[in-house]
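The values are calculated or read from the model by the stated rules, or taken from the named source; none is laboratory data. Remember, it's a predicted structure, so these values are computed and weren't measured experimentally. Note that each Cβ is placed from the backbone with ideal geometry, even for glycine, and that neighbours are counted across all protein chains shown. Only protein heavy atoms, including side chains, enter the accessible area calculation; ligands, DNA and RNA are left aside. Shrake-Rupley method; radii C 1.70, N 1.55, O 1.52, S 1.80 Å.
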Amino acid sequence: MKSKKFVALLMAASVLATTAVGCGNGSQSSQSSPGGSGATGTQYKEEIIIAMADEFTTIDPMETTAETNQIVQDCTHDLLTDTNLTTMQNEGELLESWEMVTPDHWTFKLKENVTFHDGTILNTDDVEFTLQRAAEKPTAANYVADIKEFNKIDDLNFEIYLTKGNVDFNYTLAANSLAILSKEAFETMEESEAVKIGTGPWVFDEFVSGDHVTLTRFEEGTLYPIPNTKKLTFRMIPEASARMIALENGEVDVIMSPSATDYSRLTESDGLQLITETGRTQHFVGFNLQNEGFIGTNPEFRLAVSKAINKEEMIIAAWDGYAQVSTSMMCRDMEYYADIEGVPYDPEGAQEIFDRLGCNGMTIDLVTSDASHRVKMAENLQSQLQKYGITLNVEYMQQAALTELCTGDGTTSGVEMYILSWTPGKNADYMFRNPIHSSGGRNYSHLEDPDIDALIDAAAAEVDTEKRAEMYLELQERLTCEIIPWIPIAQNTLTIGAAEGVTGVLIHPGLVHQFKFCERLI
Amino acid sequence: MFRYIIKRILMMIPVLIAVSFVVYFLMDLAPGDIISSMAPQDATEAELEMMREQWGLNGPLIERYFRYLGDLLTGDMGMSPSLRRPVAEVFIERLPATLQLALAATVVALIISVPLGIAAATHHRSFLDGISMVLAMIGVSMPAFWLGLLLIMWFSPLGLPSGGSGTPLHLVLPALALGAGQAGTLTRITRSSMLDVIRQDYLRTARAKGVSEKQVIRKHALKNALIPIITVFGSTLGNLLGGAVAIETVFSWPGIGRLTVNAVNQRDTTLATGCIIMFTVLLTVTMLLVDIAYAYVDPRIKAQYSK
């Protein structure tokens, strides 16, 4: 009798669970309710839900450099100039035009009748206010550090004098931290509210810490066409597998950073798609040039390692083939990139140098982070160098720890080899200044070469584009084939998973992907 | 009893100071700092120093720690550099989600474990007993995050949300994943505790007097079996909060567990220390409440406190 009651209890529980599941189905279908309609009567999904891996923390563009925050800010705020992700050219976003009078004197004209979310019209006072505010913010200050003078000509025209010539100043203005804010909003609202006011096609609506951010379309916007989607929600789902399942179940429309193991599911499943684009992150194997007892201080050894690495094999191991072999230190989509041959894979040539240097039986330490692609790169490098009798001891650590170790004092850090990456900004100087120049903050190899420093400085100041191209070519060839502070391995493919019908998602090589025009046909 | 409660609350002070000291120093010993990850890639040393000063992370470790402790004594838990908000504000904002999850998991655990444990004890060495123990063993052995992923794979295609928060349905899968481990432990302890009690003479007497079996179990056996169950329940609450860290990540649950993990990963010492101190307070208070519950269940303990 009691057993029957127990069984009845279990059955009741399962009925309850089934009912709950049924309710779930109902709410899911309601997500797909049609929203806006296009000019041709096409129906678009009302809300697009984007699953992000990391937490959104702030809408203030000057308080962050995290891509997750910048992706949301890109929907709500605009820059003076930005990279057109279709043409990859630096173009005016809020600027109608600009002119470099001399490398230290620039004139600008704003687009007319651009409306902020608070209803005010963009003018030069807003630009001046934004640049002044940036100067007080540690995260943004370095972008405006060279501004000597800002002169308002009229409501739309202004000029800027720099303390030193910068032929790429238009690229500097494309820094996400310099998103233009409304001066009037700061005068009439609390700062926490005023920072939400931008000119983008999306208005900041709601932020639930650790859960989601919601944006609604800017109905009165003048800079962009009114989006067909009514609501854009960024949900935070840290687990890659959970993001994938949420996409498959229709809980979300787009997922960021799908796991490489899910690429085939995304490409082969009906109703799903994998959006890909070559990223602007250079992954490399580097050498500490200040570790005196380390054989890697010998350029011949570095050349041998460069010849010994089969990059294609490493790409298959680390990214399942979703990456492009790098032959130059410079990233592919950058201005002044030269398609040089680099150091081709040459096992015999490598063996010859290793033999000459007596490397057989040698043990070398390598440090890298615990990110899965770096772990796979390190394991692959271990097996590749083992063929030449070189044993690689790999130590994995967290990214922050690795960065601190590799940027610390090279003579005492104990680092021999490392695996790291560099995602440069939009101009060519950014590619070399930080990771190569002796004054660079990310000079992980601790290269101190006055000739290279002088060449980087000269290229940055050169106005003649042909001469500049020659200088960058020389830099690429010397660094990739002769000096080799690090060996460029690959630029990985950036991926986004999306449901069928999702369009308008643009992958940013620097990871600040664009969802401004994201919509989904139903 | 009142004196005992005051004594326990006062004992929390050295515990909290010790916890803050250990966490603050361990976070500092770990390589990497939040400022270098927050700053632009091309930030100069001067700019980094400016940011350290802005977030109160400049100066020697001891000085920073005592500055932190001094602020803590005045109720100021500091500003989190990673979130750019006061730690107390973020903690209070995220706490309800974790409490909600812990409460739901506890309800799940109790709903499963108490009837199952009683059924196993009253049907000792039967098929039902065997099944109960197998299920309990699975619950105890299976890592919560793994069960969480399985539940997502099994149930989210049927319509249950795979993550996030907002509706009661969002709570179903994380509560099941988190409650399963606790249910396993409690089922085993309920069963063994009940087995001890139902063999007692006074229950035989009750049955001889004609009291129904239901009454014997519910009124006489269960109440006496409760003390060890409460003891174990109290100790599993710590595991529950610990498990919430993994479950909140798997189910994208916006609670303090995930907040703490992110803080540690990002080397946000202020936030991590604040969260762990608050976790300690939460756990100590819960343990105190469990101790107080003993007194209500067992009059002998209450009498002991009265002395």
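In whole percent, and with a 1.4 Å probe on the protein chains, what portion of the accessible area of the protein assembly as shown is carbon and sulfur? All intermediate terms of the calculation are to be shown ahead of the outcome.
Details: 20120 of 35320 Å².
On the protein assembly as shown, the fraction of accessible area on carbon and sulfur atoms equals 57 percent.
Binning at 20 Å from 0, report for the protein assembly as shown what percent of all alpha-carbon pair distances ends up in each bin.
Spelled out per bin, shortest first, that is 13, 40, 33, 12, 2, 0.
Summing Lys, Arg as +1 and Asp, Glu as -1, what charge do residues with Cβ under 14 Å from the Cβ of A:THR412 carry, A:THR412 excluded?
-4
Taking the DSSP beta bridges in the stretch A:358-418 as the whole, what percent of them are antiparallel, to the nearest 5?
Roughly 0 percent of the DSSP beta bridges within the stretch A:358-418 come out antiparallel.
Give me the inter-chain shielding for A:436-443: mean count of other chain Cβ atoms within 10 Å, whole number please. Walk me through the numbers on the way to the answer.
Values: counts 0, 0, 0, 1, 2, 10, 3, 0.
Average neighbour count from other chains, rounded to a whole number: 2.
For the stretch A:398-451, which GluC sites (Glu not before Pro) pass both filters: DSSP loop (anything but H, G, I, E, B) and at most 15 other C-beta atoms within 10 Å?
Within the stretch A:398-451, the qualifying GluC sites (Glu not before Pro) (loop, at most 15 other Cβ atoms within 10 Å) are A:GLU448.
So for chain B, Kirkwood radius off the Cα pairs, Stokes-Einstein at 20 °C and 1.002 mPa s: how many µm² s⁻¹?
So the translational diffusion coefficient is about 97 µm²/s.
Using a basic spin-label model with each label point 7 Å from the Cα along Cα→Cβ, how many nm lie between B:LYS7 and B:THR231?
1.9 nm
For the protein assembly as shown, with only Lys/Arg (+1) and Asp/Glu (-1) charged at the beta-carbon, what is the dipole magnitude about the Cα centre, in debye rounded to 20?
My answer is approximately 7420 debye.
Per residue of A:59-66, count partner chain C-beta atoms within 10 Å of its C-beta, then hand back the mean as an integer.
Counting Cβ atoms of other protein chains within 10 Å of each residue's Cβ and averaging gives 2.
What's the center-to-center distance, using Cα atoms, between the stretch A:207-260 and the stretch A:274-345 in Å?
If you average the Cα positions of each part, the centres end up 34 Å apart.
From Cα coordinates alone, what are the radius of gyration and Dmax values for the stretch A:396-488 in angstrom?
For the stretch A:396-488, the Cα-based Rg and Dmax read 14.0, 45 Å.
So what J values fall out for the stretch A:405-416 if you push phi through Karplus, 6.51 cos²θ - 1.76 cosθ + 1.60 with θ = phi - 60°, rounded to Hz, Gly and Pro as x?
With coefficients 6.51, -1.76 and 1.60, one gets 5, 7, 8, x, 4, x, 7, 10, 5, x, 5, 10 Hz.
Would you work out the charge dipole size for the stretch B:253-307 about its Cα centre, treating the Cβ of every Lys and Arg as +1 and the Cβ of every Asp and Glu as -1, and quote it to the nearest 20 debye?
Details: 5 positive and 3 negative charges, 23 e Å.
It works out to roughly 120 debye.
Checking buried surface per residue: for the stretch A:139-153, which residues lose a minimum of 10 Å² accessible area in the protein assembly relative to the chain alone (1.4 Å probe)?
When all protein chains are present, A:THR139, A:ALA141, A:ASN142, A:TYR143 each give up 10 Å² or more of accessible surface.
Over the stretch A:82-182, give the accessible area per residue in Å² for a 1.4 Å probe, as an integer. Don't skip to the answer; put the middle values down first.
Details: 4030 Å² over 101 residues.
Here the residues of the stretch A:82-182 average 40 Å² of exposed surface.
Could you tell me the total accessible area buried at the B-A interface, probe 1.4 Å, in square angstrom to the nearest hundred?
3900 Å²
Quick check: from the Cα gyration tensor, does the stretch B:233-294 come out rounded (a/c under 1.5), prolate or oblate?
Numbers: a/c = 3.49, a/b = 1.66, b/c = 2.10.
Oblate.
Going by a ≥ b ≥ c, the root eigenvalues of the Cα gyration tensor, does the stretch B:94-265 fall in the rounded group (a/c under 1.5), the prolate group (a/b larger than b/c) or the oblate group?
Numbers: a/c = 2.69, a/b = 2.22, b/c = 1.21.
Judged from the Cα gyration tensor, the stretch B:94-265 comes out prolate (a/c at least 1.5, a/b above b/c).
Using Cα-Cα distances under 8 Å and only pairs 6 or more residues apart, what relative contact order does the stretch A:140-264 have, in percent? If you can, show how the numbers build up before the last one.
Values: 122 pairs, mean separation 15.2, N = 125.
12 percent.
Return the long-range amide H neighbours of A:VAL114 (sequence gap of 5 or more, or a different chain), with a cut-off of under 5 Å between placed amide H atoms.
A:LEU122
Could you pull the Cα extents of the stretch A:224-297 along its three principal axes, largest to smallest, in whole Å?
Rounded to whole Å, the extents work out to 60, 34, 22 Å.
Would you mind computing Rg(Cα) / (2.2 N^0.38 Å) for the stretch A:282-492, counting N as its residues? Please report the intermediate quantities before stating the final value.
Working: Rg = 16.3 Å, N = 211, 2.2 N^0.38 = 16.8 Å.
Here the Cα radius of gyration is 0.97 times the empirical estimate.
Which residues of the stretch A:193-210 bury at least 40 Å² of accessible area once all protein chains are present, versus their chain alone (1.4 Å probe)?
Going by heavy-atom accessible area, the residues of the stretch A:193-210 that drop by at least 40 Å² are A:SER209.
Counting alpha carbon pairs within less than 8 Å and at least 6 residues apart, what relative contact order, in whole percent, applies to chain A?
Relative contact order here is 19 percent.
At 20 °C and 1.002 mPa s, what whole-number value in µm²/s does Stokes-Einstein give for the translational diffusion of the stretch A:82-182, with Rh from the Kirkwood sum over Cα pairs?
Numbers: Rh = 13.9 Å.
Result for D is 154 µm²/s.
For A:236-245, what's the mean count of beta carbons from other chains sitting within 10 Å of each residue's beta carbon? Can you show the working numbers first?
On the way: counts 5, 7, 9, 10, 0, 5, 12, 3, 1, 7.
The shielding value for this peptide is 6.
Of A:LEU381, A:TRP319, A:ALA242, whose Cα points farthest to the positive end of the dipole of the protein assembly as shown (charges on the beta-carbon: +1 Lys, Arg; -1 Asp, Glu; origin at the Cα centre)?
A:ALA242
Would you work out the charge dipole size for the stretch A:82-182 about its Cα centre, treating the Cβ of every Lys and Arg as +1 and the Cβ of every Asp and Glu as -1, and quote it to the nearest 20 debye?
Charge dipole, the stretch A:82-182, about its Cα centre: 280 debye, nearest 20.
Compute the accessible area per residue over the stretch B:94-265, keeping the other protein chains in place, probe 1.4 Å, unit Å².
With all protein chains present, the stretch B:94-265 gives 43 Å² per residue.
For the stretch B:146-153, just list the computed ³J(HN,Hα) in residue order, Karplus coefficients 6.51, -1.76 and 1.60, θ = phi - 60°, integers in Hz, with x standing in for Gly and Pro.
Once θ is set to phi - 60°, the couplings for the stretch B:146-153 become 5, 4, x, 5, 5, 4, 4, 5 Hz.
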